[in-house]
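Enquirer: This is the structure I want to talk about, given as structure tokens.
Each value in this text was obtained by applying a stated rule to the coordinates, not by laboratory testing. On a predicted model such as this, the values are computed, not experimentally measured, just so you know. Positions of Cβ are backbone-derived with ideal geometry, glycine not excepted, and every protein chain shown enters the neighbour counts.
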Amino acid sequence: MDTIWSRYVQGCMTLYSSRRLRFHDRFREKYAQLFDLGDRPLRILEIGCGPGALAGALHRWYPGAEITGLDRDREFIRFAREHEPGVLFREGDASALPFPAEQFDVTISNTVQEHVEPSAFFGEQQRVLKPGGVCLVLSSRRGLHAAAPCLEWDEAEQRFWEKASELDDSMEKYGVCRYPMTEAELPAAMEKYGFRDVRTGYVTAALTPDDPSVSPELAREMILSGKYNDLEALDSAVLTLGERISPEDAEWMRQRIEEKYALRLEQYARGEKQWDTSVSVIMVLRGVK
Ligand SMILES: C[S@@+](CC[C@H](N)C(=O)[O-])C[C@H]1O[C@@H](n2cnc3c(N)ncnc32)[C@H](O)[C@@H]1O
């Protein structure tokens, strides 16, 4: 349909790596308890699946299920097909789902509701769910983030990103976060659109590379997730702002990012603990058709 999100808002690796961590198997029990889907084979539709990390987790967690991921961004769908072969992916619009009525046992989404007009978002899920089907809406709430000193911005970097965000109007232009809802508004909206037995719950997902229970591979993934985010944010800024960022400034920033994360990986390899941590709080809203 388009590639706006992956080019201007969040890139493939930013979303894929952060969500692989957010939906890592170490948090599986917490999600499974709130999803409460039983263990029968299911037809699951993920709406706004992005590059496919949650769909991949669902495929691992519910091995008998048929999982379909849908997103309107063509590049995400291409990436997801390449990285998550056990899942069906297709392009499509959440406000006009390309499926007949009463097809799915479960619909699920992560950080999508705030971008789609609510009557279409909930109404379309009502339509495609079977009677008794479960709608799960996951959203990210205020978490906490303590950066390693070597990854903090110095003054020059701060100036660079401040200038980039002042000039960047892509969020507004593309309708990002046009329909935000509080923790209290979300369950009320779900009831308003006809779901019953509405419940809410919260998962905290702490990512701390220096935690002794974290394997070296996972610690590396946690550290590099920040680097993918910074590099793709830079790519989007260059694309959006064009000549308002000079090629020299962009190259300087790219090198800074590479150097800083190389240093953080070296510190990790040398066992110099930094105790940097990132804690996501994920709200899980559940309702029944
Ligand atoms: C914040 S991203 C989250 C992506 C994915 N759920 C994840 O957690 O990695 C929001 C996603 O919603 C998708 N999206 C926004 N509006 C949409 C719509 N009307 N139909 C389909 N996808 C939509 C975007 O393309 C993007 O992939």
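Enquirer: Distance in nm between label sites at residue 66 and residue 182, each 7 Å beyond Cα in the beta-carbon direction?
Expert: 4.2 nm
Enquirer: Would you list, by chain and number, the lysines whose Cα falls below 27 Å from the Cα of residue 130, excluding same-chain residues fewer than 8 positions away?
Expert: Answer for residue 130, where 27 Å is the Cα cut-off: 30, 192, 289, listed by chain and number.
Enquirer: If you average the sequence gap of Cα pairs under 8 Å that are 6 or more apart and divide by the length of segment 131-289, what percent do you get for the contact order?
Expert: In percent, rounded to a whole number, it is 57.
Enquirer: Let me ask another. So if I take the centroid of the Cα atoms in segment 1-23 and the same for segment 241-272, what is the distance between those two points in Å?
Expert: 20 Å
Enquirer: Please label the shape of segment 1-106 as rounded, prolate or oblate, based on the square roots a ≥ b ≥ c of the eigenvalues of the alpha-carbon gyration tensor (a/c under 1.5 means rounded; beyond that, a/b larger than b/c means prolate, else oblate).
Expert: Taking the square roots of the gyration eigenvalues as a ≥ b ≥ c, segment 1-106 is oblate.
Enquirer: Most fluctuating residue of 201, 86, 242 in a GNM of the chain with Cα springs under 10 Å: which is it?
Expert: 242
Enquirer: What residue among 219, 94, 146 shows peak mean-square fluctuation when the chain is described by a Gaussian network model with Cα springs under 10 Å?
Expert: 146
Enquirer: Explain nothing, just the number: relative contact order of segment 4-288, from Cα pairs under 8 Å at least 6 residues apart, as a whole percent.
Expert: That works out to 24 percent.
Enquirer: Please give the length that would be gained between residue 157 and residue 3 if that part of the chain were fully extended, namely 0.36 nm times their separation in residues minus their C-alpha to C-alpha distance (nm, one decimal).
Expert: 52.6 nm
Enquirer: Here's something else I'd like to know. Would you mind computing, in nm to one decimal, how far apart the modelled labels at residue 146 and residue 258 are, each placed 7 Å from Cα along Cα→Cβ?
Expert: In this crude label model, residue 146 to residue 258 measures out at 3.2 nm.
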